[in-house]
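Note sheet for the following structure.
The values are calculated or read from the model by the stated rules, or taken from the named source; none is laboratory data. Predicted model only: the values in this text are computed from it and were never measured. Backbone-built Cβ (ideal geometry, glycine too); neighbour counts: all protein chains shown. Please note that ligands, DNA and RNA were not included when accessible areas were found on the heavy atoms of the full protein model with its side chains. Shrake-Rupley method; radii C 1.70, N 1.55, O 1.52, S 1.80 Å.
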Amino acid sequence: MLKLDARTKLLNAAIEVVRAQGYAATSVDELCRKAGVTKGAFFHHFETKDALAVAAANYWSETTGALFAQAPYHTPADPLDRVLAYIDFRKDLLQGTPAEFSCFVGTTVQEAFGSSDEIRAACKASIFGHAETLVADISEAIRRYKVKGTWTAQSLALHTQAVLQGAFIIAKASGSATTAADSVNHLRRYIELLFNRKPTKRKTK
């Protein structure tokens, strides 16, 4: 079993605790208890809680980026099918409680965007960076399906993230993944209609 160092333990603790109760409600003492490290170890690695949040946002990008890079939605030959498979994959991740499937950077930036430019920038880099991974497939789909409009592949990619982040908020408010899944279903139908494809039911194994 891989033994984690104190810094990684704190990053994992930050992601878990903040997703469960929010950034403002999370204290350094609580993070240390969750990580099983001393307060001295915390301040050895991070000058402040905000500094940990920035590092955790970057860590979140790295770990989730690896997950999405290896996900099966990249397989279809048709670029629109890849985009739709991405939406389906995001729906499949809506398992457990909102604290388990919601986004760390989305949760953090909602609270800290006005108090820390560094946290806001790190969360923006994470969300926008993930959206950017969809741009190539959307651009190819625009060309293949000869879609006309004033919108861009970049704006649609960001819209997918807006819907997903909003779905997380709805799930937190309702305490259920069902309402979040409904929003993701609407997003899938919207994209199909945008590309002039008749909405279809998702294929199941």
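Worth a mention:
- Of all residues in region 37-47, those that are open to solvent by 60 Å² or more (accessible area, probe 1.4 Å) and within 18 Å of Ile15 (Cβ to Cβ) total 1.
- Filter result (within 17 Å of Leu164 (Cα to Cα) and of a type in the set (A, V, I, L, M)) within region 68-120: Val83, Leu84, Ala85, Ile87, Leu93, Leu94, Ala99, Val105, Val109
- Test: Leu156 is in contact (Cβ under 8 Å) with a residue 12 or more places away in the chain, closer than 26 Å to Thr178 by Cβ and open to solvent by less than 20 Å² (accessible area, probe 1.4 Å): yes
- Selection from region 22-50 of residues that are free of Cβ contacts under 8 Å to residues at least 12 places away in the same chain and not in a loop (DSSP other than H, G, I, E, B): Asp29, Arg33, Lys39, Gly40, Phe43
- Taking first residues from region 168-188 that are of a type in the set (Phe, Trp, Tyr) and partners that are open to solvent by less than 50 Å² (accessible area, probe 1.4 Å) and part of a helix (DSSP H, G or I), the Cβ contacts under 9 Å between residues at least 6 apart in sequence or on separate chains come to Phe168/Pro98; Phe168/Phe101; Phe168/Gly106; Phe168/Thr107; Phe168/Ala180.
- Which numbered condition Ile87 misses (of (1) among the hydrophobic types (A, V, I, L, M, F, W, C); (2) within 15 Å of Ala181 (Cβ to Cβ); (3) assigned to a loop (DSSP other than H, G, I, E, B)): (3)
- Test: residue in region 124-136 that is at pLDDT 95 or above, surrounded by fewer than 16 Cβ atoms within 10 Å (Cβ to Cβ), of a type in the set (Asp, Glu) and within 30 Å of Ile15 (Cα to Cα): yes
- Asn196 being among the polar types (S, T, N, Q), in contact (Cβ under 8 Å) with a residue 12 or more places away in the chain, open to solvent by 30 Å² or more (accessible area, probe 1.4 Å) and assigned to a helix (DSSP H, G or I): no
- Any chance Arg120 is more than 25 Å from Phe46 (Cα to Cα), in a helix (DSSP H, G or I) and either open to solvent by 50 Å² or more (accessible area, probe 1.4 Å) or of a type in the set (D, E, K, R) (or both): no
- Test: residue in region 59-74 that is surrounded by 15 or more Cβ atoms within 10 Å (Cβ to Cβ), touching a Leu at 6+ places or on another chain (Cβ under 9 Å) and closer than 17 Å to Ala6 by Cα: yes
- Filtered residue count, region 93-117, keeping only those that are in a helix (DSSP H, G or I) and open to solvent by 70 Å² or more (accessible area, probe 1.4 Å): 4
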